[in-house]
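Presented below is the structure to which this report refers.
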Amino acid sequence: MLVAQAKSEPIDINRAKADELMTLKGIGEARAAAIIKGRPYARKDELVQKKVLPESVYNEIKDGIVAKQ
């Protein structure tokens with residue numbers, strides 16, 4: 001059910017809990033923790049700039065995430 005939700009409504013990387021982040025392709029416990037530790041993000045592409053995620057993983061999930069202020 002969470003995966004279907006992620007496709008219709010983007011996950012906010014500044015507010016999502018670890019279990020929500022882990023519904024994204026390529027995001028496990030370690031990467032979810034790294035995303036949370038790196039908050040706040042002004043833009044979602046900061047996940048790559050801050051070296052939180054490799055570009056290949058970011059490209060898989062970028063359409064399913066947002067960075068709300």
Give the number of residues within the stretch 37-60 that are open to solvent by 60 Å² or more (accessible area, probe 1.4 Å) and in a helix (DSSP H, G or I).
6
May I ask you to list pairs of residues, at least six apart or on different chains, whose Cβ atoms are under 6 Å apart, with the first in the stretch 48-65 being closer than 12 Å to Ile27 by Cα and of a type in the set (A, V, I, L, M) and the second being open to solvent by less than 30 Å² (accessible area, probe 1.4 Å) and part of a helix (DSSP H, G or I)?
Val52/Ile35; Leu53/Leu47
Can you go through Glu20, Glu29, Glu9 and tell me which one is modelled with pLDDT of 95 or more, under 12 Å from Gly64 (Cα atoms) and open to solvent by 60 Å² or more (accessible area, probe 1.4 Å)?
Glu20
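The values are calculated or read from the model by the stated rules, or taken from the named source; none is laboratory data. The model shown is predicted, which means the values in this text are computed figures rather than measured ones. Ideal geometry is used to build each Cβ from the backbone, glycine not excepted, and the neighbour counts take in all protein chains shown. These area figures cover heavy atoms from the full protein model, side chains too; ligands, DNA and RNA do not enter into them. Shrake-Rupley method; radii C 1.70, N 1.55, O 1.52, S 1.80 Å.
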